[in-house]
Amino acid sequence: MEQLATGEPEWDLQFDENGNLTSPAQGDFLAQVASQGVQDLFMFSHGWGTALSDAQALYATMFPLIRAAAQGASGLGKLGFAGIYWPSLWFPPTPASPVRSHFRNVVDAVGIEPTTSRLRVECSTS
């Protein structure tokens, strides 16, 4: 568990490809939410094709905005935030490969540049 700069607790929830919570353990997460006195938990998920670093940046931007919008709203108790992380990339970078955009990998593999408006493919039958 981390905290926003304003003190509200924030959790990173890791899920596997089957939708199972893998980190933190479910019981630990629920116990932490209760021990922090959180009454209203905002959970936010990134979209398809989002790298881990992009999801982290999204949550770092959105959680303070959600907090600011919730300030002064009637009926809300102590706030908490949870960022949901799930395997959303077809071919995520591996530790053995350099971290580059997947688009750049495709461009390198095909041998075209992004400014190319058409790809000419020649096939021969012999």
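Quick check on this structure: which one of Ser117, Ser126, Ser88 is more than 24 Å from Ala34 (Cα to Cα), among the small types (Gly, Ala, Ser) and modelled with pLDDT of 50 or more?
Working: Ser117 fails: modelled with pLDDT of 50 or more; Ser126 fails: modelled with pLDDT of 50 or more.
Only one candidate passes the filter, namely Ser88.
When Glu10, Glu2 are checked against the criterion of being among the acidic types (Asp, Glu), surrounded by 15 or more Cβ atoms within 10 Å (Cβ to Cβ) and either on the phi < 0 side of the Ramachandran plot or at pLDDT 95 or above (or both), Glu10 stands alone in meeting it. Cβ-Cβ distances below 9 Å connect the following pairs, each with a first residue in the stretch 8-32 that is under 16 Å from Gly80 (Cβ atoms), a second residue that is among the β-branched types (Val, Ile, Thr) and outside any strand (DSSP E or B), and a separation of six or more residues or different chains: Glu8/Val38; Pro9/Val33; Pro9/Val38; Trp11/Val33; Gln32/Val38. Considering only residues in the stretch 59-80 that are aliphatic (A, V, I, L, M), more than 19 Å from Gln14 (Cα to Cα) and in contact with a strand residue (DSSP E or B) (Cβ under 8 Å, 6 or more places away or on another chain), the one that is surrounded by the most Cβ atoms within 10 Å (Cβ to Cβ) turns out to be Leu79. A count restricted to the stretch 42-58 and to residues that are touching a residue at least 40 places away in the same chain (Cβ under 8 Å), crowded, with 16+ Cβ neighbours inside 10 Å and closer than 18 Å to Glu8 by Cβ stands at 1.
The values are calculated or read from the model by the stated rules, or taken from the named source; none is laboratory data. From a predicted model like this one, the values you see are computed outputs, not experimental measurements. When we count neighbours, we look across all protein chains shown, and the Cβ atoms used for this are built from the backbone with ideal geometry, even at glycine.
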